[in-house]
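Undergrad: The structure that follows is given in the form of structure tokens.
Rule-based calculations on the coordinates, nothing more; no lab input. These figures come from a predicted structure and were not determined experimentally. Glycine gets a Cβ as well: all are built from the backbone with ideal geometry, and neighbour counts include every protein chain shown.
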Amino acid sequence: VAWSLDGKIALVTGASSGIGSHFSRVLARHGAAVVLAARRVDKLNDVVNSIIREGGKAFAVEMDVSSSESVDAAFAIIANQVGVVDILINNAGVSGDAVQLSDVSLDDWDFVMNTNLRGAWIVAKEASRRLVDAGKSGSIVNISSIYGLREGVFKLPYNISKAGVAQLTKTMAAEFSKSKRAIRVNALCPGFFDTELNSEFVNSDYGKKYISKTPAGRLGKLKELDGPLLLLVSEAGSFLNGVLLPVDGGHVIQ
Ligand code: NDP
């Protein structure tokens, strides 16, 4: 029972592919009604339809997390048509250019920060504000990365954005605890998984060699994120707050 999400409403951003679409299916299988958000609505609808075919509850909403107007509009639709979001999976993200420090452009910095960090913040802010207004408890899971916790090379804006997401997690958790709000905020920090975001890297000769040198020696499988996710969102993890949980098969060697 502690793992059940029956009666909960979950919002997953970046649900049109990769980790987000996978998590949407997992949450629906555990009983949540899932709102899937992203820019590509056609892709969202494919995932929604497959969840419904499996007997789950799902709903698609267009949301560009880099636009506060788009986030506000999406939350208004969710409030009208579904209800107050109990569980937020703050997952939408972009990788940006893989270049050396001297070649990072202002445009790439802004693009990555506006999506990964500012986007995560405004979505978490809106979701938690609505939970507080409704007097409800909730759980927010931010998707950071091992590169939010450790040094990394060639993706400065990405790494900094994910470190920002880690700090967003700790600060929100601390503030909500201090103000006695029943909103837990934790982060998953994945290692390497084969999704659109990094498929070029993980399938390149360089990427394969790099991953073979990690302690696990292989990519993670999406299903290996399920247990950590369910722990953070369900009653099973009711005393976890402000946790930054690496899911990488062990410390990744640079
Ligand atoms: P994908 O590229 O498959 O998914 C990224 C998702 O984010 C897509 O659904 C995309 O949807 C959405 N997205 C991008 N920009 C926006 C935006 N402005 N507004 C709304 N949605 C947006 O990659 P992953 O599944 O791998 O990435 C998911 C998260 O996991 C990211 O935050 C990533 O940094 C993180 N992560 C991934 C790792 C991996 O190895 N794959 C490792 C560590 C962290 P759309 O284009 O339709 O808007």
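Undergrad: Can you list the aspartates and glutamates whose alpha carbon sits under 19 Å from that of Lys43, skipping same-chain ones fewer than 8 residues off?
TA: Straight-line reach from Lys43, under 19 Å: Glu54, Glu62, Asp64, Asp194, Glu196.
Undergrad: Also: Report, by chain and number, residues whose modeled amide H sits under 5 Å from the one on Val243, excluding near sequence neighbours (fewer than 5 apart, same chain).
TA: Placed amide hydrogens put Ala187 under 5 Å from Val243.
Undergrad: How big is the charge dipole of the chain about its Cα centre, in debye rounded to the nearest 20, if each Lys and Arg gets +1 on its Cβ and each Asp and Glu gets -1 on its Cβ?
TA: 820
Undergrad: Still on this structure, please answer the following. Under a crude label model (7 Å from the Cα following the beta-carbon direction), how far is Asp110 from Glu200 in nanometres?
TA: So the label points at Asp110 and Glu200 sit 2.1 nm apart.
Undergrad: Once R0 is set to 22 Å, what does the formula 1/(1 + (r/R0)^6) return for the Cβ-Cβ distance between Lys213 and Val99, expressed as a FRET efficiency to the nearest 0.05?
TA: In this case the efficiency is close to 0.50.
Undergrad: Place a point 7 Å from the Cα of Lys170 along the Cα-to-Cβ direction; which residues of segment 210-254 have their backbone N under 18 Å from it?
TA: It comes to 240-247, nothing else.
Undergrad: Working from the alpha-carbon coordinates of segment 63-190, get Rg over Rh, Rh being the Kirkwood radius.
TA: So for segment 63-190, dividing Rg by the Kirkwood Rh gives 1.01.
Undergrad: Same structure again: Any chance you could run the full-extension gain for Ala79 through Asn45? It's 0.36 nm times the residue separation minus the Cα-Cα distance, nm to one decimal.
TA: Length gained between Ala79 and Asn45: 10.3 nm.
Undergrad: Leaving out same-chain residues fewer than 8 places away, which aspartates and glutamates sit with a Cα under 12 Å from that of Lys162?
TA: Filter leaves Glu151.
Undergrad: Using each residue's phi in segment 91-104, evaluate 6.51 cos²θ - 1.76 cosθ + 1.60 at θ = phi - 60° and report the 3J(HN,Hα) Karplus result to the nearest Hz, with x for Gly and Pro.
TA: With coefficients 6.51, -1.76 and 1.60, one gets 10, 4, x, 10, 8, x, 6, 9, 9, 5, 3, 5, 9, 5 Hz.
Undergrad: Turning to a different aspect of this structure: Output the relative contact order of the chain, whole-number percent, from Cα pairs under 8 angstrom with separation of 6+ residues.
TA: 18
Undergrad: Hey, another quick one. Among the aspartates and glutamates, select those whose C-alpha is under 13 Å from the C-alpha of Lys57, and discard any that sit fewer than 8 residues away in the same chain.
TA: Counting by Cα, and skipping residues close in sequence, Lys57 has these aspartates and glutamates nearby: Asp6.
Undergrad: I would also like to ask the following. Identify which of Pro190, Pro157, Pro215 has the largest mean-square fluctuation in a Gaussian network model of the chain, with springs joining Cα atoms closer than 10 Å.
TA: Comparing Pro190, Pro157, Pro215 in a Gaussian network model of the chain, the most mobile one is Pro215.
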